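Asks: Have a look at the structure that comes next, please.
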Amino acid sequence: MKSMTGFAKTQFEIDNRTYSVEIKTLNSKQLDINTKLPTLFRDKDLEIRSLLNVLTRGKVEFLIAEDSDKSKNVSVLNFDVAKTHYAECLKLQQMLDVKANDLLSVVLSQSDVWEVAETKELAEEVWQTIVDNINSAIALVDEFRLHEGEILKKDFIHRINLIEDKLDKVSVYENERISIVKERIRKYFADFDLSVDENRFEQELIYYIEKFDVTEEKVRLRKHIDYFRETLNDKENGKKLGFVVQEIGREINTLGSKANHADIQRIVVEMKDELEKIKEQLGNIL
């Protein structure tokens, strides 16, 4: 089982510049990829998205950023600008008829004669290094998702066990429920001073009680619980578990509508509460 929540970060260098790859994933019904890339990597957007497709589902935020604190920008001399500055300084010296020592140092101290070296395109071997870093980040995200998924799986098992335990308690009140229904009907006849044919009374009672029989609901609910446990071990089981939970909820609701007993109704409410907690977490399962 995997969660759709994940995070990973890796680093690499190109031409003495440090870059970081960061991937964040959150829950979403489909695979939704958003990328933020420096200009240098813009033409690789489709290839990057192709690599990210292995994440299958979820909202994916992908970022390549230059780490300004760790980057070592290489500056190169703009010869044309430097020559122009030197010529102008030389002219000024001659016009003013003054001596100037080391004009070259003056020119080289000007910031506009230096430019930051830009990589115009990625060499194939450099791109392969980037791909390796992206794949490493994806593997870390997958590991993160597995870890989160195992935590959720334990919670699901705990809560489905609670639902099953509460289902077992329904049987305790079923015989009592029949006695209560029987006494309620007898009281009804007694209040209106009506004579009762015992045989007919028993027939009607059986018919009445059959309408509130919950045996089938209990059997189906137990089967759905078993199937839920089996499905927990399937890969990419989020949607499938969602369907199973719907069936569990349907049987619990029917059980509640037929309960006709305060304690059984209380048990049904407690089962619904546990099921809602499962539903809340299922939205984050891959």
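Asks: Hey, can you find the accessible area per residue of the chain for me, probe 1.4 Å, expressed in square angstrom?
Replies: Solvent-accessible surface per residue comes out at 61 Å².
Asks: Could I ask something else about it? If you count the DSSP beta bridges with both ends in the chain, what percent of them are antiparallel, to the nearest 5?
Replies: 80 percent
Asks: For region 130-266, what is the Kirkwood estimate of the hydrodynamic radius, computed as the reciprocal of the mean inverse distance between distinct Cα atoms, to one decimal in Å?
Replies: Kirkwood hydrodynamic radius for region 130-266: 18.7 Å.
Asks: Sticking with this structure for a sec: How about region 219-286: which trypsin sites (Lys or Arg not before Pro) there are in a DSSP loop, with at most 14 other Cβ atoms within 10 Å of their Cβ?
Replies: Sparse-neighbourhood loop trypsin sites (Lys or Arg not before Pro): Lys235.
Asks: Let me ask something else about it. Which entries of Lys235/Lys279; Lys154/Lys239; Lys24/Lys240 have Cα-Cα distances beyond 20 Å here?
Replies: Beyond 20 Å: Lys24/Lys240.
Asks: Where Rh denotes the Kirkwood radius from the mean inverse Cα pair distance, what is Rg over Rh for region 227-286?
Replies: So for region 227-286, dividing Rg by the Kirkwood Rh gives 1.06.
Asks: Hey, got a sec? Which chymotrypsin sites (Phe, Trp or Tyr not before Pro) in region 1-43 land in a DSSP loop and have at most 11 other Cβ atoms within 10 Å?
Replies: Taking region 1-43 and a limit of 11 other Cβ atoms within 10 Å, no loop chymotrypsin sites (Phe, Trp or Tyr not before Pro) are found.
Asks: What residue among Ala262, Ala65, Ala190 shows peak mean-square fluctuation when the chain is described by a Gaussian network model with Cα springs under 10 Å?
Replies: Ala190
Asks: Please report the relative contact order for the chain, taking Cα pairs under 8 Å with a sequence separation of at least 6, and give it as a percent rounded to a whole number.
Replies: Relative CO of the chain lands at 25 percent.
Asks: Give me the one-decimal nm value for the distance between modelled label points at Ile180 and Asn27, 7 Å along each residue's Cα-to-Cβ direction.
Replies: My value for the distance between the label points is 3.6 nm.
Asks: Tell me the relative contact order for region 211-286 as a rounded percent, counting alpha carbon contacts under 8 Å between residues six or more apart.
Replies: Relative contact order here is 40 percent.
Asks: Amide H to amide H, which residues 5 or more places from Thr56 or on other chains are under 5 Å from it, using H placed in the peptide plane?
Replies: Here the answer is none, since no amide H 5 or more places off falls under 5 Å of that of Thr56.
Asks: Still on this structure, please answer the following. If each DSSP helix of 4+ residues adds -39,500 (n - 2.57) and the sum is divided by the residues in the chain, what number results at 222 nm, nearest 500 deg cm²/dmol?
Replies: -21000 deg cm²/dmol
Asks: A follow-up question, please. Just want to confirm a number: the relative contact order over region 1-63, from Cα pairs under 8 angstrom separated by 6+ residues, in percent.
Replies: Taking the mean separation of contacting Cα pairs over the length of region 1-63, I get 40 percent.
Asks: Assuming 1.567 mPa s and 4 °C, estimate D for the chain with Stokes-Einstein, Rh taken as the Kirkwood radius over Cα pairs, in µm²/s.
Replies: Taking Rh from Cα pairs, D becomes 50 µm²/s.
Asks: Apply the Debye scattering formula to region 1-67, with a single equal point scatterer on each alpha-carbon and no solvent, then give log10 I(q)/I(0) at q = 0.24, 0.29 Å⁻¹.
Replies: -1.06, -1.34
Asks: Ignoring ligands, DNA and RNA, what percent of the accessible area of the chain is carbon or sulfur (1.4 Å)?
Replies: Here it works out to 51 percent.
Asks: Moving to a separate point now. So which residue, out of Ile23, Ile209, Ile134, gets the largest mean-square fluctuation from a GNM of the chain using Cα contacts under 10 Å as springs?
Replies: Ile209
Asks: Could I ask something else about it? Could I have the simple spin-label model distance between Ala139 and Lys99, label points 7 Å from Cα toward Cβ, reported in nm to one decimal?
Replies: Those two pseudo-labels are separated by 6.8 nm.
Asks: Would you mind checking the pairs Lys36/Lys83; Lys59/Lys277; Lys29/Lys258; Lys223/Lys277 and listing those with alpha carbons more than 32 angstrom apart?
Replies: Lys36/Lys83; Lys29/Lys258
Asks: With every protein chain kept in the model, how would you rank Lys211, Lys2, Lys99 by accessible area, 1.4 Å probe, largest at the top?
Replies: Largest accessible area first, the list is Lys99, Lys211, Lys2.
Asks: Further question on the same structure: If you build a Gaussian network model of the chain, linking Cα atoms that sit under 10 Å apart, which residue out of Ile130, Ile206, Ile64 swings the most?
Replies: Ile206
Asks: How far, in nm, would the chain grow between Asn199 and Asp15 when pulled straight, counting 0.36 nm per residue and subtracting the alpha carbon separation?
Replies: Going from the current span to full extension adds 56.5 nm.
The values are calculated or read from the model by the stated rules, or taken from the named source; none is laboratory data. Here the structure is a predicted model, which is why all the values come from computation and not from measurement. Quick reminder, even Gly has a Cβ in these numbers, built from the backbone with ideal geometry, and neighbours come from all protein chains shown. Keep in mind that these areas ignore ligands, DNA and RNA; they rest on the heavy atoms of the full protein, side chains included. Shrake-Rupley method; radii C 1.70, N 1.55, O 1.52, S 1.80 Å.
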